[in-house]
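Here the structure is laid out as structure tokens; the discussion comes afterwards.
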Amino acid sequence: MKNSILLSLLLIASMTIMNLTGTESDDIRSGAVVGEQAPDFSVADAYGNVHSLSDFEGSFVILEWLNHDCPFVRKHYDGNNMQELQETYTEQGVIWLSVISSAPGTQGYLEPEGAQAITEEKGASPTAVLLDVDGTMGRAYDARVTPHMYIINPDGILEYNGAIDDRPTARARDLEGAHNYVTAAMTSLMNGGEVEVRTNTPYGCTVKYE
């Protein structure tokens, strides 16, 4: 009896620790599951044009959750890493959607004109910047932080869900030598191969939902 009680207490403690550290299985937590159909969405961009996942059938789609006030995001933009990735893949016909799910009054929220201006200021070149003001798209994907990255294949299947690279810091100098999971996954996919790392724990600032 004592052993059973002790085992139960240890199990509860273990589950509590996992919830605090975010180390439990991504398949349990994620709203967008690797290997399954990616959630559809219909969200207006900074110019008022509505984009749905179904619009991009037959193309690779990369989703980047964005908050320009987040130091982890600034790392990738100040170091020109994100802009280079956007340019590289959009030139190859990949759809790149930057998604802002910050609610009004929270860090990272932008009105359409502000989103247009900062995109130009940063020299960014996504296909579109989606303004997910009510967080519907972000919650459907369980986007947790900025940047949180997703890759969807031409059949609409989620191929990658996780961090942009293996250096979870806000220091631009750590871009050098980092293993970029998005680049690795896209290289494999565009050459007909399998993605080696398909999911992991993303790092960054929490998405500022309502």
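All of the numbers you see were taken from the coordinates with simple rules; none came from a lab. This is a predicted model, so every value here is computed, not measured. With ideal geometry, Cβ positions are generated from the backbone for all residues, glycine too; neighbour counts draw on all protein chains shown.
For this structure, a couple of remarks:
- Across every pair of non-identical alpha carbons in the chain, the mean reciprocal distance, once inverted, gives a Kirkwood radius of 17.8 Å.
- Residues with amide H under 5 Å from that of His51, placed H, sequence gap 5 or more: Val43, Ala44, Asp45
- Relative frequency of Cα-Cα separations exceeding 17 Å in region 91-210, percent: 62 percent
- When each of the peptides 53-66, 192-205, 140-153 is scored by how many other beta carbons lie within 10 Å of its residues on average, the order from highest to lowest is 140-153, 53-66, 192-205.
- Top positive-direction residue, dipole computed over region 25-206 with Cβ charges, set Val133, Tyr109, Thr183: Tyr109
- Kyte-Doolittle mean at least -1.0 and Cα axial length at least 27 Å: DSSP H helices in the chain: 2-21
- For region 45-110, diffusion coefficient by Stokes-Einstein and Kirkwood Rh (Cα), 4 °C, 1.567 mPa s, µm²/s: 98 µm²/s
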